[in-house]
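Peer 1: Before I ask anything, here is the structure I am working with.
The values are calculated or read from the model by the stated rules, or taken from the named source; none is laboratory data. As the structure is a prediction and not an experimental result, all values here were calculated from the model. For neighbour counting, all protein chains shown are included, and Cβ atoms are generated from backbone atoms with ideal geometry for every residue, glycine included. SASA here: full protein model, heavy atoms, side chains in, ligands and nucleic acids out. Shrake-Rupley method; radii C 1.70, N 1.55, O 1.52, S 1.80 Å.
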Amino acid sequence: DVLEETEQITHKVILLGDSGVGKTSLLVKFDTGKFQAGNFSATVGIGFTNKIVTIDQTRIKLQIWDTAGQERFRSITHAYYRDAHALLLLYDVTNKTSFDNIRAWLGEIREYAQGDVVIMLLGNKADCGIQRAVRREDGERLSREYNVFFMETSAKSGQNVDLAFLTVARELKYRQ
Ligand code: GDP
Ligand code: MG
């Protein structure tokens with residue numbers, strides 16, 4: 001058997017992005033493997049979910065926070081950002097406005113989050129081919145400009161959902 005060790009610290013991960021981009025759906029998919037069509041309540045979120053992932057024989061504890069009803073730009077308290085170790089910043093590839101708002105989100109993050117916070121930009125709803133309004137390369141370009149990780153995901157199909165969280169966990173493990 002391979003010996004596993006558990007990191008003592010818990011990493012706080014926060015899901016951010018406009019309302020309706022799929023934050024709750026992404027977390028539910030990662031946590032349970034299930035996708036539920038239809039809106040989760042915009043105001044009642046699931047709070048946070050503790051998940052343990054294994055990276056190179058080390059168990060990494062993630063406390064993943066789902067923002068609900070606080071998505072409106074600048075309404076999230078700055079203290080909420082301040083102790084975050086990683087941020088998953090979502091837009092919806094079928095919603096151009098949610099992509100255009102990413103710059104404002106990144107500005108807010110740069111202002112209030114820790115300087116070494118891990119940031120992952122996610123273009124969610126990648127399964128919605130026909131309604132796509134944001135090209136993959138536009139997401140890639142923005143991520144390069146801000147020097148953040150980037151993936152397209154689908155909470156519906158599961159595309160890159162585990163990989164997004166595992167990539168963040170790996171970065172948190174080796175960054176310290
Ligand atoms: P939140 O406001 O950011 O938490 O977004 P929700 O998780 O409540 O999702 C908003 C809507 O988008 C719901 O109707 C979801 O079923 C839908 N949705 C979320 N993620 C996906 C996805 O990857 N693909 C598709 N097709 N729909 C999604
Ligand atoms: Mg939600």
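Peer 1: For region 75-96, name all the residues that are closer than 20 Å to residue 148 by Cα and open to solvent by 60 Å² or more (accessible area, probe 1.4 Å).
Peer 2: 82, 83, 85, 96
Peer 1: Considering only residues that are modelled with pLDDT of 90 or more and more than 11 Å from the chain's Cα centre (by Cα), which ones fall in region 1-18? Walk me through it before giving the result.
Peer 2: Filtering region 1-18 for residues modelled with pLDDT of 90 or more gives 10-18.
Once the filter is applied, which keeps residues that are modelled with pLDDT of 90 or more and more than 11 Å from the chain's Cα centre (by Cα), region 1-18 yields 10, 11, 12, 18.
Peer 1: Sticking with this structure for a sec: Helices (runs of 4 or more DSSP H) wholly in region 78-130 with at least 1 residues that are within 13 Å of ligand 1 (Cβ to nearest atom) - which ones? Step through it out loud before you land on a result.
Peer 2: On the way: elements: 78-82, 96-100, 102-112.
Passing ranges, in order: 96-100, 102-112.
Peer 1: Can you pull out every residue in region 134-159 that is under 20 Å from residue 37 (Cβ atoms) and either free of Cβ contacts under 8 Å to residues at least 12 places away in the same chain or open to solvent by less than 80 Å² (accessible area, probe 1.4 Å) (or both)?
Peer 2: Step one: of region 134-159, the residues under 20 Å from residue 37 (Cβ atoms) are 152-159.
152, 153, 154, 155, 157, 158, 159 - these are the residues of region 134-159 that are under 20 Å from residue 37 (Cβ atoms) and either free of Cβ contacts under 8 Å to residues at least 12 places away in the same chain or open to solvent by less than 80 Å² (accessible area, probe 1.4 Å) (or both).
Peer 1: Please verify whether region 53-62 includes one or more residues that are within 14 Å of the chain's Cα centre (by Cα), among the aliphatic types (A, V, I, L, M) and under 29 Å from residue 9 (Cα atoms).
Peer 2: First, pick out the residues of region 53-62 that are within 14 Å of the chain's Cα centre (by Cα): 62.
This time we only want the ones that are among the aliphatic types (A, V, I, L, M), so: 62.
Add one more test, that the residue is under 29 Å from residue 9 (Cα atoms), and what stays is 62.
Within region 53-62, one or more residues are within 14 Å of the chain's Cα centre (by Cα), among the aliphatic types (A, V, I, L, M) and under 29 Å from residue 9 (Cα atoms).
Peer 1: Which residues, counting only those in region 132-176, are at pLDDT below 95 and assigned to a loop (DSSP other than H, G, I, E, B)?
Peer 2: Residue satisfying the conditions is 176 alone.
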